[in-house]
Amino acid sequence: MTSQNGKLCAGCRLPIQGLDNSHIIPVSQRKSLEFHPDNTCDHCRKCHDVWEVHNPNEMKKLGNFWPAMKIAKGLDPSWFWGIMNKLDLDALEPEELIRYKTLTNDYE
């Protein structure tokens, strides 16, 4: 599915014609969420490719990573935790670590 309205890419925030409709939680993991309105976002092809690899250490570079993870936590906690558990916490910037701790309720 492609958006033709020239909106901003959710990942890189650039105005791009012909955005791809990406699934936050892959259809291969949860077919029942394929058409769920909260399970999609508009990505340019480059950002879509980054998202589809499901490497959180690359995904977190996209502008919509943290909001998408909040949505994923509500839609499929198992998939959410699978992604969160792969994050290299030592490589997170201070503001990313705060977002991680807020989203995972991981306060020491």
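Every number here is computed from the coordinates shown, using simple stated rules; none is lab data. Please read these numbers as outputs of a predicted model, since none were measured by experiment. Ideal geometry is used to build each Cβ from the backbone, glycine not excepted, and the neighbour counts take in all protein chains shown.
As a proxy for reagent exposure, Cys47, Cys41 were ordered by neighbouring Cβ count within 10 angstrom, fewest first; the result is Cys41, Cys47. Think of it as helices only: each DSSP H run of n ≥ 4 in the chain is worth -39500 (n - 2.57), and spread over all residues that comes to -11000 deg cm²/dmol at 222 nm.
Pairs spanning more than 23 Å between alpha-carbon atoms, out of Lys7/Lys31; Lys46/Lys101; Lys31/Lys61; Lys7/Lys60; Lys61/Lys101: Lys7/Lys31; Lys46/Lys101; Lys31/Lys61. Counted by neighbouring Cβ atoms within 10 Å, the residues His23, His54 run from fewest to most as His54, His23.
Using alpha carbon centroids, what distance separates segment 82-104 and segment 14-42, in Å? First find each Cα centre; the distance between them is then 23 Å.
Taking a straight line from the alpha carbon of Lys86, these aspartates and glutamates sit under 19 Å away, with near neighbours fewer than eight places off in the same chain left out: Asp49, Glu52, Glu58, Asp76, Glu95, Glu96, Asp106. Ranked for footprinting exposure by Cβ neighbours inside 10 Å, fewest first, Lys73, Lys31, Lys60 give Lys31, Lys73, Lys60. Evaluated with a Cβ-only charge set (Lys, Arg +1; Asp, Glu -1), segment 2-104 carries a dipole of roughly 160 debye about its Cα centre, given to the nearest 20. Among [x] 26, 18, 13; [y] 24, 17, 11; [z] 30, 18, 11, which one is semi-axes √(5λ) of the Cα gyration tensor in Å computed from these coordinates? Checking each listed value against the structure points to [y].
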